[in-house]
């Protein structure tokens, strides 16, 4: 026998009959609804949802994606331009001393926001394409910090 739309059936044990309440047979006098009260009447629905609404509103939305890996703190080229003198070599330690980044961070990324006119040698953990281009255009070097293992 070939399989076609007229003889398709769900797998054995994969479907369950709906509980038919108040139709006689099996469930006795109160049909599984207990005695009297609003919940025993017909047309009742969503009573639990009313009290549950506040809980739903209080829970934060869990939609989208949030990475476990923290984002690298960034420093703009404009801030390097203002705080560092021409021809200097600047790394994370010097950035911390000049208050360009917070003292507790361990890595930094340089981003190309603004223009750079000073010749600098910058040692950082990452660069945006624009930042690297600006540093090299001004005659400086953009070096990636070697991670010690």
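Remarks
- Both the radius of gyration and Dmax for the stretch 77-149 are 11.3, 35 Å, in that order, over alpha-carbon atoms.
- 20 Å cut-off, amide nitrogen to a point 7 angstrom out along residue 1 Cα→Cβ, residues in the stretch 9-44: 9-15
- Residue 138 paired with residue 83, simple spin-label distance in nm, labels 7 Å along Cα-to-beta-carbon: 1.3 nm
- Here the calculated FRET efficiency for residue 128 and residue 103, from their Cβ-Cβ distance with R0 = 30 Å, stands at 0.80, rounded to the nearest 0.05.
- Distance from the stretch 1-49 to the stretch 89-117 (C-alpha centre basis), Å: 66 Å
- Each of residue 48 and residue 35 was given a label point 7 Å from its Cα along the Cα-to-Cβ line. The distance between the two points is 2.4 nm.
- Start at zero, step by 5 Å, and the Cα-Cα distances of the chain spread as 2, 7, 11, 11, 7, 5, 5, 5, 4, 4, 3, 4, 6, 7, 8, 6, 3, 1, 0 percent across the bins.
- Multiplying the residue separation of residue 12 and residue 27 by 0.36 nm and removing their Cα-Cα distance gives an extension gain of 2.8 nm.
Here, each number is a calculation from the coordinates, and none is a lab measurement. The structure presented is a predicted model; accordingly, all values stated were derived computationally and were not measured. All Cβ positions, glycine included, derive from the backbone under ideal geometry; neighbour counts span all protein chains shown.
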